[in-house]
Amino acid sequence: MKIKTKLNLGVGLLFILIIVLSLVSAFYIYSIKKDTQNILKANYETLEYSRNMLSSLDEISVDESKAVLLFETNLKKQLANITEVGEDIATLKLQKKFEILERNRNDFSLKAQIRHDIFEIMKLNMNAIKIKSDIAKKTAETANLWIGIVGALCFLIAFNLLVNLPNNIANPIKELTASIKEIANRNYSERVHFYNHNEYGDLAKSFNSMAEKLEEYSNSNLHKLTFEKKRLETLINNMHDPIIGLDSEGILLFVNNEALKIIGLKHEEVIGQSVTTLALKNDLLKSLVINELESPKSDAMKIFADGKESYFEKEIVNITITPTGEDKSIDIGNVIILRNITIFKELDFAKTNFIATVSHELKTPISSIKLSLHLLEKAETGTINEDQKQLIESIKEDSQRLLKITGELLDISQLETGNIHLNIEKSNPYQIINYATNAVKIQAEQKQIEVIIEAENDLPEVKADSEKTGWVLINFLTNAINYSSNNSQIIVKLKQEKNLVLFQVIDKGKGIDKRYQSKVFDKYFQIPGSNKSGTGLGLAISKEFIEAQNGTISVSSELGLGSTFSIGLNCV
């Protein structure tokens, strides 16, 4: 229960008890007052009237006029103040006898009778006074009883509140005060141990959290923290990769020297500044922080700085911590890391140039070998025996394979250097399919494989390089023929899905394990256990060709059930 509620209930209960006690006391005081006033008015005044009449009765013979007037006045008052039973009869008798006395004022026997009537009236009122006094006494006793009961009840409740309520309020404060003194004396292990669901419980939780943080801070060494901070700053500054640190509000916390070199700003110009404000004046910084949360990793960036071109790969690391004494982690900022990949790019360029040079140099002797083999096969060159024919056929196959490999190496090197150009225009998908299937017709017939075309009618034209797309389909079909068994079927599907025209090559070969399906389009990758030779570049080149046309390429396969290679091109 909340402390405020306890106080409201306690004070409210005391207030109600005070009101009840006041009402009971006022009621019985009023009752006693009413009984007292009744005695005074009804009986005491009658006695006073009777005394006056007695004194005036004795004086009637001495001063007749004055005594008679006094007696008559008090008698009238008595007639107006008849309150007791029988008092009216006695008063009327007195009145009649007084009227007779007025006619015969020296009748002593009549005076004696009048005196007797007055005494009777006084006796009636005296008895009434006694009865009413007993009633008033009983009322007073009842008042004392009820006031005592209500007062005792109020005392017990007030005493209970006096004992318990201050303790409930003061004891936690006393414990908290003692704990605060311990904290002030650097005893940071001190904790408050009351966990009620009230203000003190919340205060205890906050106090313990504060004490835990103070203990953690106390156990740390400030000199050590400063040293570690300096060492961390030195480490960051000596790193060859540019590093930029931001807080959760986008304020720059630290920037190492390498980062300052590429962004062209000074340390004092960036620290404590908003990266959004700086990005308005610095294009490089703007490119570094754009969509940082949506794309924590990006492609390589070419940056001209320090008199040379360098390549960097951006990575944004989100930093979160769980504060001491709390359960939820909070985001405290981001660190932008630019990994310098210039040396790898240079090696990649060197590798690409080497491959292109070697491939180009190999094409000429391989072409000469093919020409020589073609001349050897002619009858005019001379007669050859069967063994020589087999050797020539073997050399022909090897030269053809070498020519294919060098062609693929040249293609991939041109793609990597950006020297290959695509002729993207409106293309007929039916013509692309027919071109590809006709190119592999002889190869399929050798294995008695039937190539079936399943094409939807009235398909729109596509934005594509017909030659490169046909090359990709030929590569798909060649692989499908190589990995399909004799006397099987290969299905080529052509259909439209939304704004794409899909080309699918479906075979019934042994399929591709799911572990390798995501890697089949990587350069130089060959499926483990495959007995087919090659460079592993065909599908990689296919992927580059299709994505360069803003198309999609994918594969789906199950072991033992075959594979489906698909490409999607945008409709015109």
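Mind checking which residues of the range 545-572 are modelled with pLDDT under 85 and under 43 Å from the mean Cα position of the chain (by Cα)? Ala548 - this is the single residue of the range 545-572 that is modelled with pLDDT under 85 and under 43 Å from the mean Cα position of the chain (by Cα). The number of residues in the range 126-163 that are open to solvent by 100 Å² or more (accessible area, probe 1.4 Å) and under 19 Å from Ile16 (Cα atoms) comes to 5. The condition of being farther than 30 Å from Ala26 by Cα, open to solvent by less than 80 Å² (accessible area, probe 1.4 Å) and in contact with an Asp or Glu (Cβ under 8 Å, 6 or more places away or on another chain) does not hold for Leu176.
In the range 470-508, of all residues being more than 17 Å from Val555 (Cβ to Cβ) and of a type in the set (Ser, Thr, Tyr), the one that is modelled with the highest pLDDT corresponds to Ser488.
Each row is one residue, and each column tells you yes or no for (1) among the small types (Gly, Ala, Ser); (2) assigned to a helix (DSSP H, G or I); (3) modelled with pLDDT of 70 or more.
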{"site": "Asp331", "(1), (2), (3)": "no, no, yes"}
{"site": "Glu380", "(1), (2), (3)": "no, yes, no"}
{"site": "Thr383", "(1), (2), (3)": "no, no, yes"}
{"site": "Ile392", "(1), (2), (3)": "no, yes, yes"}
{"site": "Lys396", "(1), (2), (3)": "no, yes, yes"}
{"site": "His421", "(1), (2), (3)": "no, no, no"}
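Cβ-Cβ contacts under 9 Å between residues 6 or more apart (or on different chains), taken from a first residue in the range 254-281 that is more than 18 Å from Lys230 (Cα to Cα) and free of Cβ contacts under 8 Å to residues at least 12 places away in the same chain to a second residue that is exposed (fewer than 14 other Cβ atoms within 10 Å of the Cβ) and among the hydrophobic types (A, V, I, L, M, F, W, C), are listed as Ala279/Ile290. Considering only residues in the range 1-54 that are of a type in the set (Asp, Glu) and open to solvent by 40 Å² or more (accessible area, probe 1.4 Å), the one that is modelled with the lowest pLDDT turns out to be Glu45.
If the condition is being charged (D, E, K, R) and free of Cβ contacts under 8 Å to residues at least 12 places away in the same chain, then the range 74-92 contributes Lys76, Asp88.
The values are calculated or read from the model by the stated rules, or taken from the named source; none is laboratory data. What you see is a predicted model; the values in this text were computed from it and never measured. Cβ atoms come from the backbone with ideal geometry, glycine included; neighbour counts cover every protein chain shown. To get the accessible areas, we keep the full protein, side chains included, count just its heavy atoms, and leave off ligands, DNA and RNA. Shrake-Rupley method; radii C 1.70, N 1.55, O 1.52, S 1.80 Å.
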